[in-house]
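Participant: Just passing along the structure, written as C-alpha cells.
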Amino acid sequence: MGSFFKKSSIKAPAVLPGSDNIRGVREMVCDSGKQLLRTGLVSGTWGNISCRVNDDYMVITPSGRDYETLTTEDMVLVNI
C-alpha cells in the first residue's frame, strides 16, 4: 500500500520573518490543512500542520481552529 504523503526533496526557503517568502510558506501550510480536511484525513480541529522555514523559524497552524475557516494570516510564525 502506497503512502499518501511522499517525502519531498524541496526545502522551505531560508528566509527571515517579514519576508515575502513567509507568505508562501503560510499559504502552503494553510492549503495543506484544507486538503487534509477535504480528503477526510482530519476532522474539524484535529492536529496541527507545520513547515520549517529555516534553522530558526517555523510556520504552524493555530490550535483549536477549524481548517476550513483558516486564512494565511492565521498561520503562526514561531521562533524555534
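The values are calculated or read from the model by the stated rules, or taken from the named source; none is laboratory data. The shown structure was predicted, so the numbers you read here are calculated from the model rather than taken from an experiment. No Cβ is skipped: glycine too gets one built from the backbone with ideal geometry, and neighbour counts run over all protein chains shown. For the accessible areas, the whole protein counts, side chains as well, though only heavy atoms, and no ligand, DNA or RNA atoms are used. Shrake-Rupley method; radii C 1.70, N 1.55, O 1.52, S 1.80 Å.
Participant: Between residues in segment 28-50 that are more than 8 Å from Y67 (Cβ to Cβ) and without any contact (Cβ under 8 Å) to a residue 24 or more places away in the chain and residues that are of a type in the set (S, T, Y) and open to solvent by 60 Å² or more (accessible area, probe 1.4 Å), which pairs lie under 9 Å by C-beta distance while being six or more apart or on different chains?
Facilitator: If the second residue must be of a type in the set (S, T, Y) and open to solvent by 60 Å² or more (accessible area, probe 1.4 Å), the pairs left are N48/S63.
Participant: Restricting attention to segment 38-64, and to residues there that are more than 19 Å from G24 (Cα to Cα) and within 13 Å of the chain's Cα centre (by Cα), which single residue is least open to solvent (accessible area, probe 1.4 Å)?
Facilitator: Here the answer is G47.
Participant: Given (1) open to solvent by 90 Å² or more (accessible area, probe 1.4 Å); (2) at pLDDT 85 or above; (3) of a type in the set (D, E), where does D74 come up short, assuming only one miss?
Facilitator: (1)
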